[in-house]
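Following: one structure in C-alpha cells, then a few remarks.
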Amino acid sequence: MTRAARIALTLLVLVFVALPTLGPAQPKPLRPWTLILDFVPTGEYVPHYTALEKGWYRDEGLDVKILRGQGSGDTVKRIAAGQGEVGIADMSALIAARANTDVKVKAIALWYRRPPHGVFVRTDSPIKTPKDLEGKKLAISPGNSHQILWPVFEKLSGLKPGSVTWVTMDAASMPPSLIRGATDAVPFFVVHEARIRKIARQQNVDLRLLSAWADLGLDLSSTSLVAREDTIARDPDGLKAFLRATLKGADHAFRNKHFDEGVGYVLKHHPEVDPDGALGAAQVASRFVYAEEVTSGKAAVGQFEPARLEKTRDLYTQYLELKRKVPLEELYTNDLLPDKK
C-alpha cells in the first residue's frame, strides 16, 4: 500500500470513528417559561396563542405556559414575586407600583398604544353620560387598572371625584352583576364589547358602551409586556427570544388578519371561551397594537416613544398622587425588541 493510500485509509477510519459524535444535532432542551396575562384568556391574546401553537416559542427554546390574570396590578405583583418571567399589565399599574412600592419590574414592550378602557351600562339604563355615574355602584376586580385610573377618568369626564361606590368581585362576575342589575355599570376594555354584549343578549338584556376613555382624550401608553429587572439583567437573550416569537405571532394574527385561525388556538386551550366574543376582541385589539404610528412606519411594534411615555408618567403621577415621579429609565426598555425605528 502506498503512503498516499495509507493516509487516505487513516483519514477514512478517523471519519468513521468521529461519526457518532457528528450525528444528528440533539434538540436544545426547552426552558420552562411562564406568561401571566392581565385578564381571562380571550381574543385579545390571539398573538400569544398563535406563537404557542405555531411552535414559534419552542423554536426559540421556550416551553411557554400561559396563565390567566386578575387585573394589571395583580400581574405586576406576581411578576415581582417571581411567579412568571413575563406579564401583561397596563402602564398605569406599573408606574403606580414603581412610584409607591418601588417594585423592580420594567416594561419590555408596548402592546396597546392607546388605552382600551371603557365603561358599559345596560341599554335601558338612565345613565347617559359619565357624569350620571355619580352615586352609582360599579363592579371591579382586585388590581383592575380601571380603578387605578379612575381619578383620571373623573378629571377627563367631569364626574365628581369619589362619587361612585366600588363593588369588588372576580373579573368574570362583573358582566353578570350588571346584567342582573346588581351594579349600575362595569368598567371593561372595549375589546370585550362583543363578548359581554352576547352574554347579556342570552339573558334578554343588552349593554352599551357609555364611554371609551381614549375618546375623552386619554392618549397614553397603555398595556405592556413587563419583566423583573433581574430577569432583564440576567437573561436578556431569553426575553429577546420570547419577544421575537410573540411579535411573530402578532404579525401573523393581527397584521395579516388571521383572526379565525388565532381564535381557534385560544379555543383549543380554553374551550369555554365564546368564539364570537373572542373574534370581536381580536379584531379590536389588533387596532390598538397596530396603531397609526406602527402602520405608517414611525414606530416598530412594541416600541415605546419616550415623549408619550413621559406624558403618561406625568399624568399618572399627578392624578394618582403618586409618591414620586419615576425616571423613565426605570419604567421601560426598548433594547430587547427585535426591531426599532
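Using the structure shown, decide if I127 is open to solvent by less than 30 Å² (accessible area, probe 1.4 Å), within 21 Å of F259 (Cα to Cα) and of a type in the set (A, V, I, L, M, F, W, C). Don't jump to the end; show me each part of the working.
Details: open to solvent by less than 30 Å² (accessible area, probe 1.4 Å): yes; within 21 Å of F259 (Cα to Cα): no; of a type in the set (A, V, I, L, M, F, W, C): yes.
Here the answer is no, as I127 does not meet what is asked.
Go through the range 136-155 and count every residue that is out of contact with any strand residue (DSSP E or B) (no Cβ under 8 Å at 6 or more places or on another chain) and open to solvent by 60 Å² or more (accessible area, probe 1.4 Å).
Selection size over the range 136-155: 1.
Since D339 meets every condition but one in (1) within 22 Å of D237 (Cβ to Cβ); (2) surrounded by 14 or more Cβ atoms within 10 Å (Cβ to Cβ), which condition does it not meet?
(2)
Residue by residue through the range 264-276, note down the ones that are in a helix (DSSP H, G or I), of a type outside the set (F, W, Y) and open to solvent by 10 Å² or more (accessible area, probe 1.4 Å).
Answer for the range 264-276, where residues must be in a helix (DSSP H, G or I), of a type outside the set (F, W, Y) and open to solvent by 10 Å² or more (accessible area, probe 1.4 Å): G264, L267, K268, H269, P275, D276.
If we keep just the residues of the range 311-336 that are of a type in the set (D, E, K, R) and assigned to a loop (DSSP other than H, G, I, E, B), which is least open to solvent (accessible area, probe 1.4 Å)?
Keep residues of the range 311-336 that are of a type in the set (D, E, K, R), which gives 311, 313-314, 321, 323-325, 329-330, 335.
Subsequent filtering for residues that are assigned to a loop (DSSP other than H, G, I, E, B) retains 321, 323-325, 335.
Details: E321: 154, K323: 160, R324: 74, K325: 120, D335: 106 Å².
The residue in question is R324.
Within the range 199-218, track down each residue that is crowded, with 16+ Cβ neighbours inside 10 Å and either charged (D, E, K, R) or assigned to a helix (DSSP H, G or I) (or both).
I199, A200, W213, A214, L216
It is to be established whether one or more residues within the range 183-195 are of a type in the set (D, E, K, R), assigned to a loop (DSSP other than H, G, I, E, B) and under 23 Å from D215 (Cβ atoms).
From the range 183-195, those of a type in the set (D, E, K, R) are 184, 193, 195; that's our starting set.
Filter once more, keeping what is assigned to a loop (DSSP other than H, G, I, E, B): 184.
Pick out the ones that are also under 23 Å from D215 (Cβ atoms) and you get 184.
Yes, because at least one residue in the range 183-195 is of a type in the set (D, E, K, R), assigned to a loop (DSSP other than H, G, I, E, B) and under 23 Å from D215 (Cβ atoms).
Out of all the residues in the range 277-300, is one or more out of contact with any Cys (no Cβ under 7 Å at 6 or more places or on another chain), surrounded by 13 or more Cβ atoms within 10 Å (Cβ to Cβ), under 26 Å from N100 (Cα atoms) and among the hydroxyl-bearing types (S, T, Y)?
Looking through the range 277-300, none of the residues is out of contact with any Cys (no Cβ under 7 Å at 6 or more places or on another chain), surrounded by 13 or more Cβ atoms within 10 Å (Cβ to Cβ), under 26 Å from N100 (Cα atoms) and among the hydroxyl-bearing types (S, T, Y).
Condition first: surrounded by fewer than 23 Cβ atoms within 10 Å (Cβ to Cβ) and assigned to a loop (DSSP other than H, G, I, E, B). Now tell me which residues in the range 88-111 satisfy that.
D102, V103, K104
Against the definition (in a helix (DSSP H, G or I), open to solvent by 50 Å² or more (accessible area, probe 1.4 Å) and among the small types (G, A, S)), how does A233 come out, yes or no?
Yes.
Looking at the range 42-63, which of its residues are open to solvent by 10 Å² or more (accessible area, probe 1.4 Å), touching a helix residue (DSSP H, G or I) at 6+ places or on another chain (Cβ under 6 Å) and not in a helix (DSSP H, G or I)?
Within the range 42-63, E60 is the sole residue that qualifies.
When the residues of the range 301-310 are narrowed to those that are hydrophobic (A, V, I, L, M, F, W, C) and open to solvent by less than 60 Å² (accessible area, probe 1.4 Å), which ends up farthest from the chain's Cα centre (by Cα)?
Checked the range 301-310; the qualifying residue farthest from the chain's Cα centre (by Cα) is L309.
Just name the residue that is least open to solvent (accessible area, probe 1.4 Å) out of those in the range 156-175 that are aliphatic (A, V, I, L, M), part of a helix (DSSP H, G or I) and more than 18 Å from A93 (Cα to Cα).
M174
The values are calculated or read from the model by the stated rules, or taken from the named source; none is laboratory data. Note that this is a predicted model, so its numbers are computed, not measured. Cβ: placed from backbone, ideal geometry, glycine included. Neighbour counts: every protein chain shown. Note: accessible area is taken over every heavy atom of the protein model, side chains too, but ligands, DNA and RNA are not part of it. Shrake-Rupley method; radii C 1.70, N 1.55, O 1.52, S 1.80 Å.
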